[in-house]
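Structure first, then comments.
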There are 2 protein chains.
Amino acid sequence: MSQATSTTTDPAVDRDAAALYEALSDLIRVYQFRDRDRICCHDISVTQCYALESLARRGPLTLNELAAELYLDKSTVSRVVNTIERKKLLRRRPHKQDRRAVQLEITSAGRRLQEVIRADIEERERRLIADFDPAARKALIDLVGRLAQAAKERVSTASGTCCSLD
Amino acid sequence: MSQATSTTTDPAVDRDAAALYEALSDLIRVYQFRDRDRICCHDISVTQCYALESLARRGPLTLNELAAELYLDKSTVSRVVNTIERKKLLRRRPHKQDRRAVQLEITSAGRRLQEVIRADIEERERRLIADFDPAARKALIDLVGRLAQAAKERVSTASGTCCSLD
DNA sequence: GCTTTATAGTTGGTAGTAACAACTAAGGAC
DNA sequence: GTCCTTAGTTGTTACTACCAACTATAAAGC
């Protein structure tokens, strides 16, 4: 964390930032497509799957918590939850302490489906990285993790309104 | 490229695949959000921005070519193009050789907007990686690039119907 | 050259995503 | 107990995304 967080003067960083931008937008585009394709054939959308995954990973959540987890507006999540609930993949339960809130719980069917999808995507992942040598794999996972973490921190601190910048 | 592409027996690969799955879905979720936030304040959506970016990078494309580039159905792209055209960020031109086809061309306003957004996102990218040492940055860019490439190849070969699975 | 057959793009229809704003109901402060 | 806040839902609007059906042009077959 140097003083030059606002605008780097190091040309190497600039170059790398541009390269990373390219590589990441490419990756994300392909991944989005692949996930769309992979997930939709289980009669569930990508967002719905993310929601299930969050519930599977984190246990029961309130609607607001889930919205925060997914970086979505609570109204959007409320509707997404409706759809998933209709498919009996999760349940709305009254919250123990707070009667305004709901507890969202994944059902066993939901968990099963989520497992299938996860296994499916992981299998693809496995094939992708099988060609990488172990050290490269480790580096990749580590770096992507750090990048995600860093991005997450930026988002939560800079959160709120659009274009508030920094 | 070993013989064991279908199901790896190497437990290290399995573990790494799971870890990568976690890290990448995290990253993609945050990035999608961030991009949504970043781009939408320029009165343009993420998909629209991808379309502009493709045209800026690759020059004039037909609608089908753009659809392939974005991994979207041509009907979707046709409508996305409508929206962007309405905003005068691109032009539909008759194709020279083929009167059925259209040439999609980014306008100078489109290019300017795309530049602003790219610079904006790159600035964020720069801050994210500024904390990484140069070697790690290089490794990250290289690995993400390879991953995107590998994913792209898989997608295009395994393409076609959903759940066709190799 | 004229009839298939294929391709490029648009439009219709449907479902879901996503935001903001307005609302209801419940909790907490005083 | 009124006032303010918070949890979720619903109304509204616009866009994303698919498949299927359509029009117009191009290319192949004969």
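Structural remarks
- Selection within region B:90-111 - closer than 18 Å to residue B:41 by Cα and over 19 Å from the mean Cα position of the chain (by Cα): B:109
- Matching residues in region A:72-92 - criterion: being within 10 Å of DNA strand D (Cβ to nearest atom) and either surrounded by 15 or more Cβ atoms within 10 Å (Cβ to Cβ) or more than 14 Å from chain B (Cβ to nearest Cβ) (or both): A:74, A:75, A:77, A:78, A:79, A:80, A:81, A:82, A:85, A:92
- Once region A:86-112 is narrowed to residues that are in contact with a Lys or Arg (Cβ under 9 Å, 6 or more places away or on another chain) and part of a helix (DSSP H, G or I), the residue that is farthest from DNA strand C (Cβ to nearest atom) is A:109.
- Boolean, residue A:73 is charged (D, E, K, R), within 12 Å of DNA strand C (Cβ to nearest atom), free of Cβ contacts under 8 Å to residues at least 40 places away in the same chain and out of contact with any His (no Cβ under 6 Å at 6 or more places or on another chain): yes
- Any chance residue A:125 is within 13 Å of DNA strand C (Cβ to nearest atom) and under 30 Å from residue B:122 (Cα atoms): no
- Residues located in region A:26-40, provided they are hydrophobic (A, V, I, L, M, F, W, C) and either in contact (Cβ under 8 Å) with a residue 24 or more places away in the chain or within 11 Å of DNA strand D (Cβ to nearest atom) (or both): A:33, A:39, A:40
- Scanning region A:93-110 for residues that are buried (at least 16 other Cβ atoms within 10 Å of the Cβ) and away from DNA strand D (no atom under 16 Å from the Cβ) turns up A:107, A:110.
- Sole exception among (1) surrounded by fewer than 20 Cβ atoms within 10 Å (Cβ to Cβ); (2) in contact (Cβ under 8 Å) with a residue 24 or more places away in the chain for residue A:14, by number: (2)
Throughout, read-outs are computed from the coordinates displayed, never taken from laboratory work. Because the structure is a prediction, the values reported are computed rather than measured. We place every Cβ from the backbone using ideal geometry, glycine too, and count neighbours over all the protein chains shown.
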